[in-house]
Amino acid sequence: MYKDFGENLKRIRKSLHMSQEYLGEKCGISGPAISKYESGATKPSLEVAMQLSQILNVSLDTLFSNEAKGTVSIFGLTEEQAEIVNELTELFRAKNSIGASSITTEQHKILGRIVADFLQ
């Protein structure tokens, strides 16, 4: 389980273009400590794992999972942009589950918000 944690931590950290030092600094620990977590040499405490999940904006499930899951980083987005990303994710899930082929009113509104945000 911790081996998966280290691999997942490294993959997610790199996808966010964060250095080990930067991530460690955000958690109040050292870059070498992050390296040890990623290699599986040491195990993080629950508190540190929770901090890491919050900073990386992923669930503890994602960090500890042995399934390869894609992540979408909202690092550097405004709250409004992050909300749009989350809403789009839910709409895609709903579309996939019901097999809808046309755009809904809700999807139309979100697309409008996206366009408005780009035009600001």
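Could you please find all residues in the stretch 12-34 being surrounded by fewer than 16 Cβ atoms within 10 Å (Cβ to Cβ) and either touching a residue at least 24 places away in the same chain (Cβ under 8 Å) or more than 13 Å from Ala49 (Cα to Cα) (or both)?
Matches in the stretch 12-34: Lys14, Ser15, His17, Ser19, Glu21, Tyr22, Glu25, Lys26, Ser30, Gly31, Pro32.
Scan Ile74, Ile103 and give me the residue that is more than 26 Å from Glu7 (Cβ to Cβ) and at pLDDT below 85.
Going through Ile74, Ile103 in turn, just one is more than 26 Å from Glu7 (Cβ to Cβ) and at pLDDT below 85: Ile103.
Which condition number does Val48 fail, the rest of (1) at pLDDT below 80; (2) surrounded by 14 or more Cβ atoms within 10 Å (Cβ to Cβ); (3) farther than 26 Å from Asp117 by Cα; (4) of a type in the set (Val, Ile, Thr) being met?
(1)
The values are calculated or read from the model by the stated rules, or taken from the named source; none is laboratory data. Predicted model, so just to flag it, every value in this text is computed and none were measured. Positions of Cβ are backbone-derived with ideal geometry, glycine not excepted, and every protein chain shown enters the neighbour counts.
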